[in-house]
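J.: I'd like to ask some things about the structure below.
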Amino acid sequence: MQEFKLFINNEWVSSSDNKKFESLDPSKNLPIAELHLAGEKDVDIAVKAAKKTFESGVWSDLDPDKRADIMLKVADIMRKRLKELAKWESMDTGKPIMETENVDIHYAIRAMEYFANQSREIKGEVIPLPGNVAFDWISYEPYGVVACITPWNFPLHLATRCICPAIATGSCVVAKPSSLAPITPTILGEILMEAGMPAGVVNIINGPGGTTGEWLTGHADVRMISFTGSLAVGRKLLEVSSKSPIIKKVILELGGKGPFIAEPDCDIDGAINSLIVGFCLMQGEVCCASTRLYLHDDIYNEFMEKLVRRVNSLKLGDISDQSTQIGSLISRDQLEKVDSYVKNAVKDGATIVCGGEKFDEPPFDKGSYYRPTILENVKNTMRCAREEIFGPVLVVIRYRHLDEAIAMANDNQYALGATLWSENPKTLFYASKKIDAGILWLNTNVMSKIEAPYGGNKNSGLGREDGTIGLKEYLKVKNNVLFIGKEYDNFYGFKD
Ligand code: NAP
């Protein structure tokens with residue numbers, strides 16, 4: 001079994017108290033790698049390495065062209081190792097190889113390339129001030145040490161979504177991926193070194209959130225926390241920041257309960273196909289998954305008949321088989337959680353139209369497979385329609401008037417991604433103003449590109465990742481005021 005040490009200061013180091021943990025292939029429930037677990041001392045060493053490198057200026061003061069060149073080299077090496085990274089990603093998360101080869105690793109490579117090029121484009125601004133007495137300009141500066149805390153559902157993509165803008169702006173990073181799927185973000189260490197990244201710019205440590213994660217985010221020298229994960233942990237990190245001797249900049253990318261509204265004039269085939277990706281990609285373990293279908297009465301029967309037929313034809317199975325479309329959930333715990341949501345929904349009055357059970361034909365009984373599930377007769381007030389299930393479960397609610405559907409869509413603690421299908425531009429425009437969401441998909445679904453901002457409102461988070469808007473989250477603003485008037489200030493009228 002492969003062993004991964006901690007990546008600190010461009011060296012592979014053992015955990016100081018020699019603790020290790022295993023990462024499992026959830027589709028087989030078998031260990032695939034052993035990782036060193038960072039103790040409090042290791043966290044401190046990693047943060048100090050990042051801080052020393054940041055303060056040395058070796059990275060933060062480097063010509064942005066040179067910074068970009070190194071990042072582009074990282075992207076090149078990632079591309080050469082794409083198949084290998086995709087294989088690890090699939091085994092570590094339980095996703096089908098078809099997904100990790102075509103989605104996950106490409107996103108990570110694109111993030112490295114996009115933010116490499118953005119590092120050349122960080123510009124200031126000049127502010128015209130009244131009175132012509134001062135030249136005022138704004139400059140953007142890196143925070144220093146950034147902690148990147150990321151979840152298991154897109155391990156390399158979400159780690160790079162945070163690491164890349166942080167280093168592109170000149171900060172140094174300590175990254176802690178989820179201990180449930182830490183392998184590809186850890187392999188990134190090898191690639192960074194091969195590309196010539198200076199020591200200490202990116203440090204990658206592993207261990208559970210409750211210990212390693214807390215030591216990292218609570219460290220006094222961490223100036224910014226970029227977090228992707230659950231609402232519960234997001235709330236804790238706001239507290240950590242508020243209690244730190246120096247408060248920390250925090251950005252949060254949290255959960256979702258994506259609404260999908262299908263109007264009577266929509267392209268039914270297109271809507272159904274995009275909805276299935278919306279709730280089945282990565283077995284539904286996606287923050288912006290479309291998990292609440294608001295379906296207009298006039299097209300209800302035709303839509304449901306085709307939807308159920310297509311969902312039932314999805315192929316579950318061996319994640320290394322290119323034809324497999326649905327893999328395993330991340331863990332037994334997640335499998336039980338999803339199953340109990342479905343069972344409780346039925347108790348609350350919902351009806352199962354497809355799925356609604358574990359997929360446990362041998363040998364898949366060793367993994368954590370759940371059949372894609374659709375629940376009808378759901379009310380917007382039921383738990384299955386309100387909470388993030390994080391599995392392939394779709395609830396369906398009928399409506400008659402668009403305003404009624406929009407009101408139900410907005411009646412949730414989350415506001416990340418939302419979707420509307422209609423062939424009427426007036427409907428699309430009207431709804432775009434009324435729906436509360438960080439990302440609104442109109443006649444498409446779950447399309448997310450590194451170039452455009454990603455994030456949510458309400459309990460879906462604070463701030464945005466990706467694009468130039470995301471890049472700015474990683475930059476502090478400095479307002480510079482240079483006096484250019486005739487006489488210096490003498491506000492108190494001193495004479496001597
Ligand atoms: P999680 O339990 O909040 O964990 C996320 C990360 O935080 C992991 O690395 C975890 O480490 C770490 N962590 C846990 N407790 C911590 C603490 N007290 N202090 C510091 N770090 C801590 O979330 P998850 O179950 O991995 O991910 C699923 C959630 O992420 C869902 O709600 C999903 O919607 C959300 N998500 C959001 C986005 C987005 O862009 N908005 C994208 C993907 C996922 P360990 O896992 O090692 O314990």
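The values are calculated or read from the model by the stated rules, or taken from the named source; none is laboratory data. Note that the structure is a prediction, hence the values are computed from the model and not measured. Note that each Cβ is placed from the backbone with ideal geometry, even for glycine, and that neighbours are counted across all protein chains shown. Ligands, DNA and RNA are stripped out before the accessible areas are found, and what is left, the full protein with its side chains, is counted by its heavy atoms. Shrake-Rupley method; radii C 1.70, N 1.55, O 1.52, S 1.80 Å.
J.: In Å and on Cα atoms, what radius of gyration and Dmax does the stretch 331-370 show?
T.: For the stretch 331-370, the Cα radius of gyration and maximum Cα-Cα distance read 11.0, 33 Å.
J.: Excluding ligands, DNA and RNA, what is the solvent-accessible area per residue of the chain at a probe of 1.4 Å, expressed in Å²?
T.: It amounts to 42 Å² per residue over the chain.
J.: Can you list the trypsin sites (Lys or Arg not before Pro) in the stretch 466-496 that are in a DSSP coil and have 15 or fewer other beta carbons within 10 angstrom?
T.: For trypsin sites (Lys or Arg not before Pro) across the stretch 466-496 that sit outside H, G, I, E and B with at most 15 neighbouring Cβ atoms in 10 Å, the list reads K486, K495.
J.: Within the stretch 111-193, list the trypsin sites (Lys or Arg not before Pro) lying in a DSSP loop whose Cβ has at most 13 other Cβ atoms in a 10 Å radius.
T.: For trypsin sites (Lys or Arg not before Pro) across the stretch 111-193 that sit outside H, G, I, E and B with at most 13 neighbouring Cβ atoms in 10 Å, the list reads K123.
J.: Looking only at Cβ-Cβ distances, which cysteines of the chain have no other cysteine closer than 4.7 Å?
T.: That list is C164, C172, C266, C280, C287, C288, C354, C384.
J.: Could you list which residues have their amide H under 5 Å from that of G39, counting only those 5 or more apart in sequence or on another chain, with H placed in the peptide plane?
T.: Under 5 Å from the amide H of G39 lie the amide H atoms of S16, D17, each far enough along the sequence or on another chain.
J.: Can you tell me the Rg and the Dmax, both Å, for the Cα atoms in the stretch 69-125?
T.: Taking only Cα atoms of the stretch 69-125, I get Rg and Dmax of 13.7, 47 Å.
J.: What residues have an amide H closer than 5 Å to that of Y370, excluding those fewer than 5 places away on the same chain, when H is modeled at 1.01 Å from N in the peptide plane?
T.: Those qualifying (amide H under 5 Å, at least 5 residues apart or on another chain) are L329, F359.
J.: In whole angstrom, and with the biggest value first, how far do the Cα coordinates of the stretch 1-73 range along each principal axis?
T.: 47, 29, 15
J.: Once amide H atoms are placed 1.01 Å from N in the peptide plane, what residues at a sequence separation of 5 or more from I261, or on another chain, have their amide H within under 5 Å of its amide H?
T.: Sorted by chain and number, the residues that satisfy this are Y294, T419, L420, W421.
J.: Say R0 is 41 Å: what FRET efficiency, to the nearest 0.05, do K52 and K83 get from their beta-carbon distance?
T.: Efficiency computed from Cβ-Cβ geometry: 0.70.
J.: Separation of the stretch 428-486 and the stretch 113-190 by C-alpha centroid, Å?
T.: The distance from the Cα centre of the stretch 428-486 to that of the stretch 113-190 comes to 15 Å.
J.: Using alpha carbon coordinates only, what is the Rg to Rh ratio of the stretch 152-297, with Rh defined as the Kirkwood radius? Each step should come with its number before you reach the end.
T.: Working: Rg = 18.8 Å, Rh = 17.4 Å.
Rg divided by Rh gives 1.08.
J.: In whole Å, what are the extents of the chain along the principal axes defined by its C-alpha atoms, from largest to smallest?
T.: 87, 59, 40
J.: Could you tell me, in Å, what Rg and Dmax come out for the Cα atoms of the stretch 430-484?
T.: Over the stretch 430-484's Cα set, Rg and Dmax evaluate to 15.8, 54 Å.
J.: Here's a follow-up. For an R0 of 30 angstrom, estimate the FRET efficiency from the Cβ-Cβ distance between L314 and E34 and round to the nearest 0.05. Mind showing how you got there, number by number?
T.: Numbers: r = 34 Å, r/R0 = 1.13.
About 0.35, to the nearest 0.05.
J.: Per residue and in cubic angstrom, what volume does the convex hull of the Cα atoms of the stretch 120-199 have?
T.: 124 Å³
J.: Report the charge-dipole magnitude of the chain in Debye, nearest 20, computed about the Cα centre from +1 at each Lys and Arg Cβ and -1 at each Asp and Glu Cβ.
T.: It works out to roughly 640 debye.
J.: Defining a contact as two alpha carbons under 8 Å apart and six or more residues distant in sequence, what relative contact order in percent does the stretch 359-418 show?
T.: That works out to 28 percent.
J.: Just need the relative contact order of the chain here, percent rounded to a whole number, with Cα pairs under 8 Å and 6+ apart.
T.: After rounding, I find 18 percent.
J.: Percent of accessible area on the stretch 209-278 owned by carbon and sulfur, 1.4 Å probe?
T.: 61 percent
J.: May I pose another question? Would you work out the relative contact order for the stretch 122-260, in percent, from Cα pairs under 8 angstrom that are 6 or more residues apart? Can you show the working numbers first?
T.: Values: 221 pairs, mean separation 30.8, N = 139.
Averaging sequence separation for qualifying contacts and normalising by length gives 22 percent for the stretch 122-260.
J.: Could you tell me the convex hull volume per residue, in Å³, taken over the Cα atoms of the stretch 300-452?
T.: Hull volume over Cα atoms, normalised by residue count, gives 149 Å³.
J.: Just to be sure I understand the curve: with the Debye formula and one point per C-alpha of the stretch 185-267, what is log10 I(q)/I(0) at q = 0.20, 0.23, 0.24 Å⁻¹?
T.: -0.99, -1.15, -1.18
J.: Which pairs in the list K51/K123; K83/K248; K83/K176 are over 32 Å apart, alpha-carbon to alpha-carbon?
T.: K83/K248
J.: Would you work out which of L62, T100, A38 lies farthest towards the positive end of the dipole of the stretch 12-148, given +1 charges on the beta-carbon of Lys and Arg and -1 on that of Asp and Glu, about the Cα centre?
T.: My answer, from the dipole projection, is T100.
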